[in-house]
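Below: one structure, written as structure tokens.
The values are calculated or read from the model by the stated rules, or taken from the named source; none is laboratory data. As the structure is a prediction and not an experimental result, all values here were calculated from the model. Because the Cβ atoms are built from the backbone with ideal geometry, glycine has one as well, and the counts that use them run over all protein chains shown. Protein only, heavy atoms only, side chains kept; ligands, DNA and RNA dropped before computing areas. Shrake-Rupley method; radii C 1.70, N 1.55, O 1.52, S 1.80 Å.
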Amino acid sequence: LDSLHQEMEECLKKLGFGFIKRTGQGGGGCISQGEVFNTDKGKIFVKKNSKKGADVMFKGEMRSLEEIESTNTIKVPHPIAVTDNPEGPGTIFVMEYLDMKYLSNQAALGEALAKLHLHNRSREGQEGYVEEFGFDTKTCCGFIPQDNSWQSDWVTYYKSKLGEQVKLTKDEELLGIWPRFHEKIGDYFEGLTIKPSLLHGDLWSGNASQCGDKPVIFDAAAFYGHDEYDLGIAKMFGG
């Protein structure tokens, strides 16, 4: 065990940290586990997953946090690196540690999310505006990869996104009715002008918190899409 701990510390030092010490704090969710370390540059959180494919999940999450962080609209843990797990199989994701607590300021979260969703749309016609729907890397819904290939309009992208998940269910009844539903999806957005908004992509109460009096979001699966998508995910999971 000591040798494994030493390998983790050596791995983290290669990322530019001079001092590494375990705090004994841990955490995680239903998919990955994590551990907190003291360093000469502040506390870091190391998220670990031993499954094959964890690198795809963590690389998507890292790009998601980078993209959201770049907007300066809402706090996310600063992403540092994704690399092989030195303590065994799988991958680790190293990020800033935030002392998060229960989200009590729901209004502040709503305001920050609105700023996030409006950020790209406010730059229309300017350099840096993202005019298509999708994302530049795969992200994961739970542990399931999502393609995120760029599309010129929301309906085409949304059909592709839903269809990808439908096929994975291998549910014969659902697969049987999918072609009919697929043809009708555009009807729900008829007459609407939908511009790409940067989304968290997996927003629910388990992926939002508070640091001080400021809202924080994490475990993102970002893409550029319809701004109400984030609200739909939150409603589906109960808030």
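Out of the residues in region 61-91 that are in contact with a Leu (Cβ under 9 Å, 6 or more places away or on another chain), of a type outside the set (Ser, Thr, Tyr) and under 17 Å from residue 35 (Cα atoms), state the one that is most open to solvent (accessible area, probe 1.4 Å).
Restricting to residues being in contact with a Leu (Cβ under 9 Å, 6 or more places away or on another chain), of a type outside the set (Ser, Thr, Tyr) and under 17 Å from residue 35 (Cα atoms), the top hit is 78.
For region 136-165, which residues satisfy the criterion of being on the phi > 0 side of the Ramachandran plot and in contact with a strand residue (DSSP E or B) (Cβ under 8 Å, 6 or more places away or on another chain)?
Across region 136-165, the qualifying residue is only 148.
So which residues in region 109-164 are of a type in the set (Gly, Ala, Ser) and free of Cβ contacts under 8 Å to residues at least 60 places away in the same chain, if there are any at all? Lay out the reasoning, then the answer.
Residues of region 109-164 that are of a type in the set (Gly, Ala, Ser), as a first pass: 110, 112, 114, 122, 125, 128, 134, 142, 149, 152, 160, 163.
Listed by number, the residues that qualify are 110, 114, 122, 125, 128, 149, 152, 160, 163.
Scan region 17-36 for residues that are in contact (Cβ under 8 Å) with a residue 24 or more places away in the chain and more than 22 Å from the chain's Cα centre (by Cα) and jot them down.
Residue satisfying the conditions is 17 alone.
I'm trying to understand the selection: among the residues of region 46-56, which are open to solvent by less than 40 Å² (accessible area, probe 1.4 Å) and either closer than 17 Å to residue 78 by Cβ or assigned to a loop (DSSP other than H, G, I, E, B) (or both)?
Of everything in region 46-56, those that are open to solvent by less than 40 Å² (accessible area, probe 1.4 Å) and either closer than 17 Å to residue 78 by Cβ or assigned to a loop (DSSP other than H, G, I, E, B) (or both) turn out to be 46, 47, 53.
Between 185, 144, 194, which is of a type in the set (Val, Ile, Thr), farther than 21 Å from residue 55 by Cα and open to solvent by 30 Å² or more (accessible area, probe 1.4 Å)?
194
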